[in-house]
């Protein structure tokens with residue numbers, strides 16, 4: 001069993017004094033042992049005690065005086081007033097459940113031997129028992145970046161606030177030609193606010209789905225958001241540019257964050273689904289808040305998985321929306337049509353210009369996309385959707 005927690009230590013104290021020769025020019029001297037602060041030493045020059053708040057500073061094994069001490073032989077002495085801490089590492093296999101206590105055991109469900117009800121950490125079997133940063137420990141994040149990410153979302157004063165609680169994520173390199181992975185943690189929660197009047201391309205009274213992204217800004221994790229209906233790349237395999245969010249942020253195709261960023265790696269950490277009576281007036285609380293782990297996009301993009309053929313009630317010249325998290329397939333058959341156009345996200349995917357003709361169309365609607373049968377005349381024979 002691997003050791004969890006802080007390494008035990010013991011303290012010992014042997015009085016010691018360092019003597020130095022001043023030369024009226026040297027201000028920095030090397031101590032015989034490292035110290036953590038000026039409170040751990042007493043310093044005298046020419047038998048005059050020195051004020052630790054103004055006369056000198058210490059950093060590790062170096063003491064630096066504000067002014068160069070005068071010339072003299074052994075006219076500077078530094079007396080140590082704190083003990084030395086000696087770290088004692090336990091031998092491999094010497095720490096067991098007696099030393100650890102049940103509250104620190106890795107849960108059985110995560111490959112450990114602790115109680116199944118233990119919720120202190122959620123480690124996978126390939127982690128050697130070190131608690132991850134996201135769970136209050138100091139260990140590596142290896143093996144835990146595929147857990148479900150903790151999201152919070154609220155509405156107030158017509159604005160939407162999305163928050164990612166402390167977590168740890170692995171990011172690809174911001175250089176496309178490099179396969180280097182960078183692990184980034186956010187010790188405190190981070191947020192992005194969608195302000196009032198910013199629609200992000202959402203539509204009145206239609207369920208929207210905003211995808212939440214964590215971006216790696218030179219080692220600092222930040223939060224971004226984009227509308228799934230815009231078809232933005234969510235594969236986590238490249239780098240993206242971020243636009244600063246504002247009251248006029250109304251595009252479904254852009255990635256938005258508090259501050260504009262260029263060429264950053266990203267991770268999909270979840271989505272927020274809600275229906276607002278007026279797009280841009282964030283008054284209704286989200287209906288769904290879902291955090292993602294690894295393979296987030298695979299779950300969203302699986303056409304046919306978890307879907308069934310249905311026959312929804314549809315009429316001509318009416319716009320419909322794919323409010324699901326996945327692409328859907330639409331099959332339409334019509335008769336006696338005239339000047340028919342089938343549009344998906346404003347693009348014609350099928351048309352018939354001969355009056356009185358019969359027509360049949362099959363097309364895919366991306367997640368969040370819209371589609372419409374637009375014609376001067378015609379009758380729907382069948383309309384079926386795999387959704």
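Every number in this text was worked out from the coordinates using simple rules, so none of it is lab data. Computed from a prediction, not measured in an experiment: that's the story for all the values here. Neighbour counts are summed over all protein chains in view; Cβ atoms, including those assigned to glycine, are modelled from backbone coordinates with ideal geometry.
Taking other Cβ atoms within 10 Å as a rough exposure proxy, 313, 37 sort from fewest to most as 313, 37. Here the stretch 155-266 was treated as a single set of alpha-carbon atoms; its pair distances binned every 10 Å from 0 give 14, 46, 31, 8, 0 percent. Each part reduced to its alpha carbon centroid, the stretch 13-78 and the stretch 155-221 end up 50 Å apart. Taking other Cβ atoms within 10 Å as a rough exposure proxy, 364, 48 sort from fewest to most as 48, 364. Extent of the stretch 9-86 along its three principal axes (Cα atoms, max minus min coordinate, largest first): 41, 21, 18 Å. If you plug the beta carbon distance of residue 311 and residue 232 into 1/(1 + (r/R0)^6) with R0 = 25 Å, you get a FRET efficiency near 0.20. Ordered by the number of other Cβ atoms lying within 10 Å of each residue's own Cβ, fewest first, 222, 46, 236 fall into the sequence 46, 236, 222. Normalising by residue count, the stretch 309-386 has a Cα convex hull of 71 Å³ per residue.
The order of the peptides 151-162, 54-65 by mean Cβ neighbours within 10 Å, most packed first, is 151-162, 54-65.
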